[in-house]
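Presented below is the structure to which this report refers.
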């Protein structure tokens with residue numbers, strides 16, 4: 001049996017789907033099993049209970065364990081779990097101590113490496129799903145307001161992240177690997193907004209704002225801490241007028257090209 005943490009999240013739900021397609025037994029963890037809306041053949045349990053009996057491999061989303069892993073890895077090993085596939089981040093490549101996002105993921109990676117379990121760390125860059133934060137604004141006919149209009153990113157479809165994670169759970173070829181994942185193209189936020197507008201069939205506009213104003217607005221959002229906001233803005237500033245590296249790993253691992261942002265927009269708008 002494979003345990004999926006964060007099973008109703010953007011990536012976790014698709015990991016569950018990939019595993020079911022492979023005819024594997026899945027135990028899905030979620031904060032509220034009553035509202036999980038997962039397929040009937042999935043065993044659903046509450047995250048806080050963390051049942052590990054019969055589990056051989058685990059998909060670990062660190063967002064579920066922001067306060068630390070505690071004794072999870074020891075318990076997993078004692079229950080016979082052999083493999084952990086963690087949803088890490090390409091931010092783990094950044095050794096700048098100001099990058100709390102990278103530091104958080106590296107802390108978890110190092111703990112898993114020291115646990116004696118088999119492991120794979122899936123390291124995606126920016127999630128295309130971050131653009132869902134613009135949905136209400138675009139549908140209301142208002143401009144999307146963000147800083148650093150000339151910064152480029154390589155947004156990746158959550159289904160591609162899940163497909164790579166599932167292969168790491170189901171086969172041995174990625175044991176000990178840290179694949180960095182990206183979408184197949186480099187885009188600015190104005191270009192992404194235009195693509196979403198085309199998918200939704202409505203006009204969509206972008207308006208550049210100052211980093212200072214963006215910081216104020218980001219800090220009003222739930223769960224946004226100052227260190228996280230500052231790290232995000234610093235990374236975006238460094239991406240201005242730079243061509244980001246496009247990773248071939250999704251296609252290498254899954255055997256098909258990574259989905260474009262236009263495909264993602266068509267799936268969500």
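Just so you know, all these numbers are worked out from the coordinates, no wet-lab data involved. This structure is a prediction, so every number in the text was calculated from the model and none was measured. Every residue, glycine as well, gets a Cβ built from its backbone with ideal geometry; the counts of neighbours run over all protein chains shown.
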Dmax and Rg, reported as Rg then Dmax, of the stretch 206-269 (C-alpha, Å): 16.1, 43
In nm, what is the difference between 0.36 nm times the number of residues separating residue 135 and residue 268 and their Cα-Cα distance? 46.9 nm
Assuming a ≥ b ≥ c are the square roots of the Cα gyration tensor eigenvalues, decide whether the stretch 149-203 counts as rounded (a/c under 1.5), prolate (otherwise, with a/b larger than b/c) or oblate. oblate
What percentage of all Cα-Cα pairs in the stretch 137-269 are separated by more than 20 Å? 56 percent
Under a point spin-label approximation (7 Å from Cα along Cα-to-Cβ), what is the residue 217-residue 242 distance to one decimal in nm? 2.3 nm
Sorted by mean Cβ packing within 10 Å, highest first, what order do the peptides 63-69, 217-223 take? 63-69, 217-223
For the chain, what is the mean residue ellipticity at 222 nm derived from helices alone (per DSSP H run of n ≥ 4: -39500 (n - 2.57); sum divided by total residues; nearest 500 deg cm²/dmol)? -10500 deg cm²/dmol
Order the peptides 200-213, 159-172 from the highest to the lowest mean number of other Cβ atoms within 10 Å of their residues. 159-172, 200-213
Mind giving me the nanometre distance, one decimal, between the label points for residue 149 and residue 25, set 7 Å out from Cα along Cα→Cβ? 5.7 nm
Extension gain, residue 111 back to residue 207 (0.36 nm per residue minus Cα-Cα distance, nm): 30.3 nm
Relative to the present Cα-Cα distance, how much length would full extension add between residue 224 and residue 78 at 0.36 nm per residue of separation? 49.0 nm
Counting DSSP beta bridges with both ends in the chain, the antiparallel % (nearest 5): 10 percent
